[in-house]
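The next block holds one structure in the form of structure tokens; read it before the comments.
The values are calculated or read from the model by the stated rules, or taken from the named source; none is laboratory data. None of these values were measured; they are calculated from a predicted model. Counting neighbours? That spans all protein chains shown, and the Cβs are built from the backbone with ideal geometry, glycine included. Keep in mind that these areas ignore ligands, DNA and RNA; they rest on the heavy atoms of the full protein, side chains included. Shrake-Rupley method; radii C 1.70, N 1.55, O 1.52, S 1.80 Å.
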Amino acid sequence: MSRRNNLTLLSFFKSASFVMSILIICIGMLVLSGWLFNITLFKSISPNYVSMNSEYAIIFILIGIALLLQQTHFTKQSSIYLIIGKWIAIIIFGLLITITTHSITIVILNFFLVSIALFLVKMKNTLYINQTINTFIGLIGLFILTTYLFNPDIHAGSASLTTASVYSGICFILISLSLFFLQPSSGVMSLFISNTSGGSVARRLIPVVIAAPILFGYLQIIGEQHNFYSASTGMEFYYISITLTFIIVTLLISFMLMHTDILQLKIERELRTSEERFHKAMDTAPIGMAIVALDGKFIEVNKALCELVGYSKDELTHITFQQITHSDDLAIDVANSRKLIEGKIHLNQIEKRYIRKNGDVIWVQLTASLLRDSVSHHPLYFITQVQDITERKLTEERIRHLAYHDSLTNLPNRRLLLDRLSIAFDFAKRYQLTLALMFLDLDKFKSINDSLGHDVGDELLKAAAVRLNHALRSVDTIARISGDEFVILLNGLQNADEAGHIAQKIIENMSQHFLIHGHEIYIGCTIGISIYPNDGVEISELMKKADLAMYAGKEAGRNQYQYFTPR
Ligand code: GH3
Ligand code: MG
């Protein structure tokens with residue numbers, strides 16, 4: 001049963017209780033007016049009509065009013081009605097004592113119970129006693145009603161079974177239900193609307209509770225027909241045993257329901273506290289946490305996650321994790337989520353990037369697991385933990401950069417060059433491409449150091465690196481491998497001659513003056529070129545040959561390029 005249904009049912013019970021109280025008053029008024037004005041209407045319907053005692057009718061009216069008064073909400077202002085309601089219950093009790101002097105019947109006993117129940121209603125700690133008494137009143141009401149209904153001699157005239165029984169029976173059932181419905185969400189009543197096992201047990205007990213008094217009513221009629229109760233003591237004995245049985249049945253049912261109810265309340269309370277504890281823990285957790293639906297929607301998020309991604313809780317619960325994941329990391333994240341659902345993995349642990357609300361990219365370590373239904377094992381949702389690792393990632397990135405780059409010029413170093421060379425050579429081998437390797441050394445660089453100082457030398461190296469970089473295409477690699485020595489890898493050449501053109505362009509470029517710290521510096525460079533596959537197919541061989549060609553260039557007067565194999 002959904003929460004909405006429960007609420008409709010609750011308001012239905014409340015209005016039912018109100019209607020029943022009115023009905024009790026109406027029946028009381030009807031009987032009373034019949035007595036006052038001596039209406040013979042009923043006698044025409046049933047010749048052996050015996051009216052209900054007028055005292056009973058007055059009591060029923062009072063009960064109805066007491067019930068109505070107690071239906072007002074228990075607030076400071078309305079508590080006066082509750083008190084009046086209770087006083088009426090006491091008055092009924094007093095009235096009953098006077099009636100009891102005439103006779104003690106099952107009806108009188110019931111009236112006593114009703115007044116006690118009315119007194120106890122809405123009192124703290126008496127809920128279960130009240131509801132036990134209510135059940136009992138209902139059982140007796142049903143019993144009275146069924147003894148009348150089963151009576152085959154109804155028209156032949158039976159002294160004890162009269163129309164009065166019908167009124168009493170109906171009224172007692174109405175009182176019992178009305179009292180129950182007064183507190184539709186507490187005590188035993190809560191079970192009738194609960195969708196727990198306690199609730200289903202309670203609902204299944206309804207037919208049993210109704211069947212018991214009907215059976216006893218039937219047994220009484222059978223007993224009477226067969227003169228089973230030969231003496232009046234026999235009848236009394238029967239009533240006493242029924243009453244005892246009802247008491248036992250009522251107590252048993254009440255105890256059972258109370259027990260399940262208390263257990264149920266305890267479980268609910270424990271669930272609530274554990275849920276509260278979970279939310280508190282989640283919200284105070286220093287790392288980002290989220291409960292994510294299978295389609296990726298954030299169901300619940302904590303403060304830390306909101307701060308991490310820069311969205312408010314409300315904003316975040318309206319978007320999916322896919323929407324804030326960096327597009328390069330999306331495929332792996334989605335694939336892993338699918339594997340989690342399929343049960344192929346138990347944990348999705350990846351490092352990924354989120355795009356913050358302001359557009360910044362952050363790195364996070366994501367750990368996601370899947371929560372499944374404990375019974376059906378159906379996937380319910382992901383539980384994810386998100387840790388900010390941007391700082392670590394940046395440091396790692398910096399370290400990696402340092403390991404592969406020259407710190408002065410920021411160009412690739414020998415290590416990265418060798419990596420790129422091996423990739424390029426593999427590629428060239430497979431597709432039969434021509435590569436060129438150039439060794440470039442600045443001419444008379446030492447003299448700059450000596451005349452203008454090491455710092456100016458450094459700045460000149462940096463400026464030369466920038467200029468070289470500009471002269472080349474993005475597919476080419478330029479590395480600084482030592483002092484004033486650079487290596488250039490030219491990819492995808494049409495032919496070996498192209499390398500010479502590029503070398504010439506570089507030499508012309510480099511021979512333009514540099515302006516460093518106010519000094520106009522002229523520096524040339526010499527380039528040695530080896531060609532793959534013409535000069536060799538191994539990296540070391542081509543490196544060596546380019547180096548040799550460069551030295552040949554130096555010997556030949558510098559500021560020029562030389563092929564290892566002259567063209
Ligand atoms: P050549 O034309 O024969 O190449 O003459 P060179 O003066 O350029 O001599 P060589 O290439 O053999 O020497 C390079 C010099 O570069 C050696 C060293 O003093 C200097 N050097 C090496 N590393 C650095 C550096 O990081 N900064 C500076 N400023 N100078 C460096
Ligand atoms: Mg040099």
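Quick check on this structure: which one of Glu520, Glu485 is in contact with a His (Cβ under 6 Å, 6 or more places away or on another chain) and either within 16 Å of ligand 1 (Cβ to nearest atom) or more than 30 Å from Thr434 (Cβ to Cβ) (or both)?
It is Glu520.
Can you name every one of the helices (runs of 4 or more DSSP H) wholly within segment 1-79 that holds 3 or more residues which are at pLDDT 70 or above?
In segment 1-79, the matching helices (runs of 4 or more DSSP H) lie at 3-36, 54-70.
Taking into account only those residues within segment 444-481 that are part of a strand (DSSP E or B) and closer than 20 Å to Asn559 by Cβ, which is nearest to ligand 2 (Cβ to nearest atom)?
Taking the candidates together, the pick is Arg480.
What about Arg567, is it modelled with pLDDT under 95 and either of a type in the set (S, T, N, Q) or within 23 Å of Asp419 (Cβ to Cβ) (or both)?
For Arg567, the condition - modelled with pLDDT under 95 and either of a type in the set (S, T, N, Q) or within 23 Å of Asp419 (Cβ to Cβ) (or both) - is not met.
Name, by its number, the condition in (1) without any contact (Cβ under 8 Å) to a residue 12 or more places away in the chain; (2) in a strand (DSSP E or B) that does not hold for Ile383.
Against the list (1) without any contact (Cβ under 8 Å) to a residue 12 or more places away in the chain; (2) in a strand (DSSP E or B), Ile383 comes up short only on (1).
Among the residues of segment 411-443, which ones are away from ligand 2 (no atom under 15 Å from the Cβ), in contact with a helix residue (DSSP H, G or I) (Cβ under 9 Å, 6 or more places away or on another chain) and not in a helix (DSSP H, G or I)?
Across segment 411-443, the qualifying residues are Leu411, Pro412, Asn413, Leu433, Thr434, Leu435, Ala436, Leu437.
Out of all the residues in segment 306-360, which are in a strand (DSSP E or B) and open to solvent by less than 80 Å² (accessible area, probe 1.4 Å)?
Hits for segment 306-360 are Thr320, Thr325, Asn348, Ile350, Glu351, Lys352, Arg353, Tyr354, Ile355.
State all residues of segment 536-567 that are in a helix (DSSP H, G or I), open to solvent by 50 Å² or more (accessible area, probe 1.4 Å) and more than 16 Å from ligand 1 (Cβ to nearest atom); if no residue qualifies, say none.
Ser540, Glu541, Lys544
Of the numbered conditions (1) away from ligand 1 (no atom under 16 Å from the Cβ); (2) open to solvent by 30 Å² or more (accessible area, probe 1.4 Å), Leu452 fails exactly one; give the number of that condition.
It is condition (1) that Leu452 fails.
Matching residues to (1) among the basic types (Lys, Arg); (2) within 11 Å of ligand 1 (Cβ to nearest atom); (3) open to solvent by 30 Å² or more (accessible area, probe 1.4 Å); (4) on the phi < 0 side of the Ramachandran plot:
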| position | (1), (2), (3), (4) |
| --- | --- |
| Arg398 | yes, no, yes, yes |
| Ser407 | no, yes, yes, yes |
| Phe427 | no, no, yes, yes |
| Ala436 | no, no, no, yes |
| Lys446 | yes, yes, yes, yes |
| Leu461 | no, yes, no, yes |
| Arg467 | yes, no, yes, yes |
| Leu472 | no, no, no, yes |
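Just a yes or no: is a residue in segment 477-484 exposed (fewer than 12 other Cβ atoms within 10 Å of the Cβ) and over 17 Å from Leu548 (Cα atoms)?
no
Out of segment 279-293, which residues are surrounded by 12 or more Cβ atoms within 10 Å (Cβ to Cβ) and in a helix (DSSP H, G or I)?
Those that are surrounded by 12 or more Cβ atoms within 10 Å (Cβ to Cβ) and in a helix (DSSP H, G or I): His279, Met282, Asp283.
Would you point out which residue out of Ile350, Ile389, Ile341 is among the aliphatic types (A, V, I, L, M) and farther than 18 Å from Gly296 by Cα?
After applying the criteria, what remains is Ile389.
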